[in-house]
Every structure is written in C-alpha cells, then in structure tokens.
1. Subtract the Cα-Cα distance of A:Cys175 and A:Cys42 from 0.36 nm times their separation in residues, and report this length gain in nm to one decimal.
2. With θ set to phi - 60°, apply the Karplus curve 6.51 cos²θ - 1.76 cosθ + 1.60 along region B:197-208 and write out the HN-Hα couplings as whole Hz, x wherever there is a Gly or Pro.
3. Gap in Å between the Cα centre of region A:433-501 and the Cα centre of region B:40-71?
4. Rounded to the nearest 500 deg cm²/dmol, what is the calculated helix-only ellipticity per residue at 222 nm for chain B, with -39500 (n - 2.57) per DSSP H run of length n ≥ 4?
5. Across peptide A:249-258, how many C-beta atoms of other chains are within 10 Å of each residue C-beta, on average?
6. Apply the Karplus parameterisation 6.51 cos²θ - 1.76 cosθ + 1.60, with θ equal to phi minus 60°, to every residue of region B:67-84 and state each ³J(HN,Hα) to the nearest whole Hz, in sequence, with x for glycine and proline.
7. Kindly put A:Asp488, B:Asp500 in sequence by how many other C-beta atoms sit within 10 Å of each C-beta, fewest to most.
8. Exactly which GluC sites (Glu not before Pro) in region A:409-474 are in a DSSP loop and have at most 15 other Cβ atoms within 10 Å?
There are 2 protein chains.
Amino acid sequence: MLKKKNAVLVDGVVLNGQTIDSKAREQFFEKAFRMIIEEAVCKATDVTEKVCEWQPPEKLKKLLDLELRDSGEPHQTLLQLCQSVIHYSVKTGHPRFFNQLYAGMDHYSLVARFITEALNPSVYTYEVSPVFLLVEEATLKKMIEFIGWKEGDGIFSPGGSISNMYATNLARYKCCPDVKERGLSGVQRLVMFTSEESHYSMKKAAAFLGIGTQNVYFVKVDDRGKMIPEELEEQIQRAKQEGAKPFLVCATAGTTVLGAFDPLDKLADICEHHGLWFHVDASWGGAALLSKKHCKLLKGIHRADSVAWNPHKMLMAGIQCCALLVKDNTDLLKRCHSAGAKYLFQQDRCYDVRYDTGDKSIQCSRRADAFKFWLMWKALGTRGLEERVDQALALSRYLVAEIKKREGFQLIMEPEYANVCFWYIPPSLRNMEQDQEFWQKLHRVAPEIKERMMKKGSMMLGYQPHQGKVNFFRQIVISSQVRREDMDFLLDEIDLLGKDL
Amino acid sequence: MLKKKNAVLVDGVVLNGQTIDSKAREQFFEKAFRMIIEEAVCKATDVTEKVCEWQPPEKLKKLLDLELRDSGEPHQTLLQLCQSVIHYSVKTGHPRFFNQLYAGMDHYSLVARFITEALNPSVYTYEVSPVFLLVEEATLKKMIEFIGWKEGDGIFSPGGSISNMYATNLARYKCCPDVKERGLSGVQRLVMFTSEESHYSMKKAAAFLGIGTQNVYFVKVDDRGKMIPEELEEQIQRAKQEGAKPFLVCATAGTTVLGAFDPLDKLADICEHHGLWFHVDASWGGAALLSKKHCKLLKGIHRADSVAWNPHKMLMAGIQCCALLVKDNTDLLKRCHSAGAKYLFQQDRCYDVRYDTGDKSIQCSRRADAFKFWLMWKALGTRGLEERVDQALALSRYLVAEIKKREGFQLIMEPEYANVCFWYIPPSLRNMEQDQEFWQKLHRVAPEIKERMMKKGSMMLGYQPHQGKVNFFRQIVISSQVRREDMDFLLDEIDLLGKDL
C-alpha cells in the first residue's frame, strides 16, 4: 500500500509506490503457465485428443467473451478465457494436423520462444540486441554454408512473402539503382518471371512494389510442376521484343501445392546468359539442403543471387522464422533498403557500428526470429535436423505406397517432397465413366470429407482444385511426432468419412 | 525403445516408434521454464539488477558458443547457453530501460504470448485460426471505436513501418487502381507528403513501393516539431505545378524524437480540399486515444483514412503488436492486396469465407499479434490501459520539472508526450560562451555518458543529434513499473557519470 504522506501527485496521478499486487500476479502467472503446459503443449500434441474443436464463426463468438470493457476481469475469469482460447484453437502441433506447410512442436524452439517473449528484444542495433544480432549472424552464416556460397549476407524477415519482396527489390535495385530515389515513373517497364506453380506472393510483390501483376510473366511447367527452361527463354525474348526490361527470375524449390522443384541449374544458365537476378524461393524446400539424401533436389542453388528459406516449415522452428539470403557481399541489402535514420543508427557509438544491421531491413522493430532456430539447431545438431527431413520424406513415400495399394485412392503424381496429392473416389463413383458428371461429383468429395473431419476433429488436411484438376487432397507430412500409424489412420479415416458419398 | 521385429523401413528410415526420450525432454522443459521465470522475468525487471551486461561484439562472440555443429548439445549445456543468452541480453523490461519507444513487461501479455507460441497459429483462414481471427476482429473493432470511426477495417502487421507501407499502397490504389496490375511505369509521377519529423519508414515505403524517395516531399515543422499546414499546402501546389500527382499526406501523432503531434484537423482540411488520402502514423502516439486526459493530442484523427497504431509501444503489449486501421468499409484492404490463391482461400468451405482475412495481407503466414493486446485489455480494462498512459505522461511531467530545477540540465523543449529531450552540460562547460567550441564539446557529452552507463549497466537512454542541434538525450518514459525515484535516479546518474567531462 502507498504511504500517503509521501505521495507525489502530478496531473492527479500518484507517482510513488506501486499498486500492483505482485503476489496475486505471480500466482496467476504460475497457474497460467501450468495450464499452458497441460492444455497447449501436452494435450495439444496428444494423438488421442482432437485436432480441433470446430465451431462456426457466429457460434464461436457466443462461446467466447470477446468484448473489451472499461473494467478488467479477475484472474479466475482470465484463466477460463485462456482455457477456452486454447480449447477452440486448432492444434497445429498435433500429429494429425497435415493442413499447412508447417506442423508439429519442437520443445527447444519453444523454450527459445519463451525466452524471446520474456526479454522482448528488437533486433536493429547491437546496443539493444547484442546477443540476438550475433545469433542471427551465426545462423545466417551456417545457412549460407548449406546453400554453398563462400560468403553472403541475409536477414530474417516476417514471412516468405516478405522475403520474396526483399529479393524483388534487390533485383530491381541491382538493375536500376536510381529507382530507389526516383521511382518507377518514367522508367522502362520491368518484367519478372516465375512459374505458374510459384507461390502467390510473387504476384503480391509485383503489386506492392509498383511493378504490376501484369508484369509477372508466368512460365509454363511440365507435368511434374517444374518450370520449363525453354519456356522461360521464350518469355524473356517476348518481354525484350515488347521493349520491356527483364530483371528477375524467381525459381521455386518446393512449390506450395505439388512440392515441385524447378531445375535450378538450367534456369541459372539462362539468368547468367541474360544477366538477370536469380532468386530461389526455397521457403518450403530449403530444409532439404540439410539432408545428404535429398539435397540434390536443389542442385544448382549455389548459383542463385538470393534465396528465401523458412525454417518454420519443415524444420519446425515456429512461426515465423524466415531467412532471406543474399550472395552479394558488397552491402547491397543495406544500400538498397537504408534510410540512415540518425536517431537510431548513431555513428559515434562505442563499438563497431557495422553490427547495427537494422538498416538492411524494411522494418524498424524486428523480432529475434533467428534465435529459436539457432537453439533448436544447437540442441539437435545438423544431424538431428537432417533426420527430421529424412523422416518426413520417408513417411511421404510410405503414404504414397499405401495410396497405390488401396482401392478408391488415386495419386495425382509421384511426389518428390512431402506434398502427397491424391483423390479419394468414393464407392459410388468407382465404376462411373470419367465424364463431366464424374468430375463434377468428385470435385465435391474433398470439401465434404473435409467438413466431416473438421466437425469430428479427427485430423486436418488440405484440398484444392489445381491447374484444371478438380478438388484433390494435399497431405503435408512434417512433424517428427508423426508415425507410420498416423499415415494409415489418415487413409482409413478418409475412407470412413467418405465411403457413403 | 523400438520393437525391432515390427520396424518399418523406408529409405533407410525407421518409421514406427519414437526415439525421443520424452521424460528427459520434460525435465529440460521444466528446468528451462524455471530459469526463464527467474532470470528473464524476475531478475530482468528487478530495479536492483543491471539493465545490461555490456560486452563489445568480438568479446561477446567468445563468451557465447555461437557455432552450429553436426551433433546436438546435452540439456545441461543448452540450459547454460540459455542462461548466457539472457545474461548478456539487454533487459528491455527493466524499470531503467528508457532507450526505445517501448519498454516494460506486462505479465498478462506475456501469458498470451506463451499461449501463442505453444499453439503456433497462422492467421489467414478461419479454418486454421478460428479464435485468433475473431480476437483480431474484436480488437480492431475496439480500436476503431477509439479512433472515432463508425465502422472500418484493419489488420495487424509486423511493425509500424509495414503499416505505413500498407497505408501508402492503399492511398495509391485508391488514386490509381490500375497500378496494381500495370505498375508505375508510364504513370504520372506520384508524390506523397510527410513532415521532416516523421518516421524514416515513410522514406523506406516510398523506396520499396517504387514511388522513389525523391517523391516524398518533406514538409517543414514549427519549433515544436509539428507539421505546418501552410507549408503542406505550398508543397502540394509545388507538386501540382511540376505536373506530378499528389496522393497521400502522412501526419504523425507522436514523432520519434520529440514526441510531437501534427495538427490533424487542419491537415485533414487540406486533404479534403485536394482529395488526398490522409494517413496518421500514430504508432507511438495512438495510446493517448485511451486517455480522457490526453486524447485531445489526436484531435481530428477520426478524419483520417488510415491510422497506424502500435500497442507494443506505450501500452506494453510486446513486440510486435501493430495495427493498421482503415476507415473504408468497402473491402479496399482486400481489393488492394488480394491475389486470390485457390489453394489457401477455397470458396467451397463449410463456413462464411468472409472470415478468411488472409488476402487483406501482404504476408502469407501471419502471427496472432492481436491476442496479446486483447488479453491484456481484458485483464486491465480500458481504465487500466488509460492509467498506464496517464502514469507515463505524469512521470514525464515530473521529470521535466526536475530538469528545470537542476543545474546543468537544459530542456530542448516542453514535451507534449513521453519524450523528454534535454542536454546535460557538465560543470566544465557551464560557464563557457556558447560558441562553436562549446557546441562541439557538448556534442560529445551524451555519447560519452552513454558509453559509461552501458558499461556500468545502470540504465539506458538514447541520444541523437537532431535538426541542427548537437547530441542530446531522449528519455522515453513508458513502463508502469517505473516510479518517481527512477526519474530522480536518472538525473543523479547522468550527473554522476558526466560531471568530470
């Protein structure tokens, strides 16, 4: 309690003494932590629990007390609220969450993330983030080693989409450095190239950076989803004939739907020939670099000018953990993005200010995303990370073999990576002629089964129509918690949920 | 252990059974958590402990074992590593960390952040993030209420800089919708306006979005750091006379160095007259909207088209927590940023897909940053947040009064907000004529004192040269853990560290 006789009042506010009841707060904190471990860590990764407790939006709003009021709630109410939040959230760490390009839970990463949240750093200057800047440097250096560059630069960014934007801006700066100051108005039309199967963020990058979505020339892919080099060559010629200026080729190492890897070496040849920036979006496929068995998927990546690689996906570092790596070693990243704010980046500091990396960034405050990856790498070693990749890909191969064995399952294509795409054909459709009616009916199967599995909470996997094909399932195998039995369960469950359709 | 007789081998990988020793992992997790609470929560916010344990980069590299190796480290080594990471990190939650526009530790937010890290959600579809999407919606709605709009839209983004980029892109899309598809090449030169005192991110936005830094017209400020409306009018006229197309005015509510608030009402008049998008960067000053006493600083903000507001700053929600709010209610945010990826945003889902907000974003995976702010708001109520603002501003006023009383301290200007800017003039300079030599010497005082305080670890506050003024201290008062005594300590300590200079 305040000693009133010493109270210092300014503007009606008492300035000395604290009214916070620290004992009650500690008790709340302790209880909340126990609940987090119980509900959001243990139960959330327990295969016998539900993946999700589905409720439609309007009903969920009623189940949760979302409204923000003038007065605060007591600790007991807050604990109940937190429990509900966890209860109705999707358990992305559950062994049967196969829905996105990330899944699972890594306990080392989680410890690192708790540390980061408690310390609440912002990574822009060595002064404020000495450890996390050095950790980022060490992590980038090691990733660069696996790409196969002798040296390089990089930055952790809030997502693969933003990494791809960085790469687009670097490519533009390299080709037209004046654009930074003068803008694109009056400049020759710039054109970038990426495959039809590339991530939609390239289109977003073109829109956001003022290049325009029409100036993304989408290159055809082969039946495996890989960019066709000859088609790229043709598109570059077309752009030149139109009087536009090609500046960037973005290859994909691990496409979003099919998990396809573009032929990097051949694309690098074309980029070299035309003097184009070669970016590889390995947000999803980059993990394979750590596997001696599977790194050949990215053969030629050392010839890239920049690489996007998200350890939060296959490697399970936690959202978000995304590196943009750059081969250049002449401070291009900084020259391209700097604004030289004097209030933040003083030059008269008592240490080597080259450690102040904030001006490489398009952000100001920036999270210490490298740390969780670094601690996980420390804990597991490269070999542990490699096993994680090998395990996921072996499980995918097992799943493919099972799909081939089972009636009513039809593989879309033999996968190279952890994306297993297939149709489930219910008994009622199995003897039909594959005419328009058949495809229309099949198109409705995956959404229907998805709805049923969500409502049951037994598992989650994605589906989509794609390149003229009707809705098919896309199963992503990542987590090291996943076992062979979960693969079997998945196929059994689809059959169970869909056999009456 | 594996039952070897049942082992299923694919590609040399055993697929059944887990080799993870879950007991050892649980013990590690328990120990790590105890250490985090002890070192990164309790000690890190204890006023009797150091704010930082300064080491220069090369020495710190030697003190930490940063290298990533083939083999993992044992749990004991990992715990020691984590302890070192915490030990050598700056304690931004410490009551004497006054260095940035954020500080302090809120335990409710911290609980929310632990939950988010454990659940590892990505906020793009209702399917995968039902709770966090609804929480974001409720939080944005409440923030919009405080801005004074009847309705609106918004998104949480990874930083105020990115929010400002969103606003710039929205303004451009509103004025020239074709740019999204066609790009800026061939389009009339676009010009945006912001004050000389605005955050450097506006320059970064212009560079990144292809507008060009030269097309940011910086408007003069008055001696309080506020944009001069007549100067804005003049700059708009100049742009028009040059044949360029003005499209955006960015006002600042709470500038980075001085904490100045632009006169929003007058600037809104000018924007209305010229039909320009009116963005208010209230990343720092937005918190004052919650205070009945101080919300007048932002008078007129309801006339903005968009507002950037970072609850991770004054309100202590934890980095990052940044909202971009938009008055438009015709889905502009989505129309401007969408790419319509079919694999992620299926239209044949079993719920109202308007809840799938991912296509408003320039990101793909996105963190659930609204949740920590929401839980904190739930715990403290609007009144608790209001007290936080009132307390910080009262402490700033107290500090100003003390500075005026003390010999050798000279206020740069009377602050409106929590930025207290001042010179410390050591005894040796106090009787000098204020000639060039005086200013040169004074310029070196703040860096020298900063170096000494860092090495001692007693506190941290920032300094910078600014608008022709030599290096002065910028003291930011935020944390609710801060008491009057910490203000007194700060001034005593500066005097102690600098009196021999």
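1. Numbers: separation 133, 0.36 × 133 = 47.88 nm, distance 5.14 nm.
Going from the current span to full extension adds 42.7 nm.
2. For region B:197-208, the Karplus-derived couplings read 9, 5, 5, 4, 5, 5, 5, 5, 4, 4, 5, 5 Hz, x marking Gly and Pro.
3. Cα centres, region B:40-71 to region A:433-501: 48 Å.
4. On the way: 15 runs with 201 residues, N = 501.
Taken over chain B, the calculation gives -13000 deg cm²/dmol.
5. For this peptide, the per-residue mean of nearby foreign Cβ atoms is 1.
6. Once θ is set to phi - 60°, the couplings for region B:67-84 become 5, 9, 10, 5, 9, x, 9, x, 4, 4, 5, 5, 5, 5, 4, 4, 4, 5 Hz.
7. B:Asp500, A:Asp488
8. On the way: sites: A:Glu416, A:Glu433, A:Glu437, A:Glu448, A:Glu451; in loops: A:Glu416, A:Glu433.
When the GluC sites (Glu not before Pro) of region A:409-474 are filtered for loop state and at most 15 Cβ neighbours within 10 Å, A:Glu433 remain.
Where a number appears in this text, it was derived from the coordinates with a stated rule and is not lab data. Given the structure is predicted, the values throughout are model-derived calculations rather than measurements. Reconstructed Cβ throughout: ideal geometry from the backbone, glycine too, with neighbour counts over all protein chains shown.
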